[in-house]
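The values are calculated or read from the model by the stated rules, or taken from the named source; none is laboratory data. Just so it is clear, the structure is predicted and the values come from calculations on it, not from any experiment. Methodologically, a virtual Cβ is constructed for each residue, glycine included, from the backbone with ideal geometry; neighbour enumeration extends over all protein chains shown.
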Amino acid sequence: MIHRTLTPPRPLAGLLASPLLTFLALLGLCSAYLQGALTKLFDFNGALAEMAHFGLQPAPLFAVGVIAFELAMSALVLSGVLRWLGALALAGFTLLATFLAFRFWELPVGMERMMMANGFFEHLGLVGAFVLVAIADRAKAGNRP
């Protein structure tokens with residue numbers, strides 16, 4: 001079998017190699033966590049209600065922990081300092097939150113279940129993306145421990 005590598009045209013290859021595009025893509029990936037943390041920070045009562053809604057008690061401790069975690073792990077991903085760690089932490093957090101918040105299998109068949117299932121699988125996509133960020137970061141570092 002003949003394998004041919006399809007390479008992107010030069011302008012596209014240059015764009016894909018751009019540190020700015022990499023940063024913007026990582027910012028997009030982290031945007032929900034940054035927005036979520038800032039929303040919780042500026043509406044702490046809403047954050048407490050959200051924690052209580054999901055049965056996370058004591059709600060103030062969980063709210064502060066989630067805010068700090070989302071900001072810190074996003075900062076690792078965006079700064080490139082221990083990017084793999086921040087990406088894996090956000091992947092794990094997202095996986096846990098997905099099973100906590102998007103239990104579509106508990107709903108009767110219908111529009112609400114379909115929307116919940118969509119959210120569930122979209123979040124699994126985020127988990128996969130963060131794992132790929134961690135893999136790419138370790139590959140870039142030459143797999144050094």
Could you list, in sequence order, all residues of the range 52-73 that are over 15 Å from Thr94 (Cα atoms) and not in a helix (DSSP H, G or I)? Gly55, Leu56, Gln57, Pro58
Looking for something touching a residue at least 24 places away in the same chain (Cβ under 8 Å), buried (at least 18 other Cβ atoms within 10 Å of the Cβ) and either within 16 Å of Leu100 (Cβ to Cβ) or not hydroxyl-bearing (Ser, Thr, Tyr) (or both) - is there at least one such residue anywhere in the range 42-60? no
The range 11-36 residues that are among the β-branched types (Val, Ile, Thr), paired with ones that are surrounded by 12 or more Cβ atoms within 10 Å (Cβ to Cβ) and modelled with pLDDT of 95 or more (beta carbon under 6 Å, 6 or more apart): none
Scanning the range 92-118 for residues that are under 18 Å from Leu29 (Cα atoms), of a type outside the set (Val, Ile, Thr) and surrounded by 13 or more Cβ atoms within 10 Å (Cβ to Cβ) gives Gly92, Phe93, Leu95, Ala97
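Per-residue answers, yes or no, for (1) within 15 Å of the chain's Cα centre (by Cα); (2) at pLDDT 95 or above:
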| site | (1), (2) |
| --- | --- |
| Trp105 | no, yes |
| Met111 | no, yes |
| Met116 | no, yes |
| Leu124 | yes, yes |
| Ala129 | yes, yes |
| Leu132 | yes, yes |
| Ala136 | no, yes |
| Lys140 | no, no |
| Asn143 | no, no |
With (1) at pLDDT 95 or above; (2) assigned to a loop (DSSP other than H, G, I, E, B); (3) closer than 24 Å to Arg138 by Cβ; (4) of a type in the set (S, T, N, Q) as the list, and Thr94 as the residue in question, which single condition is left unmet? (2)
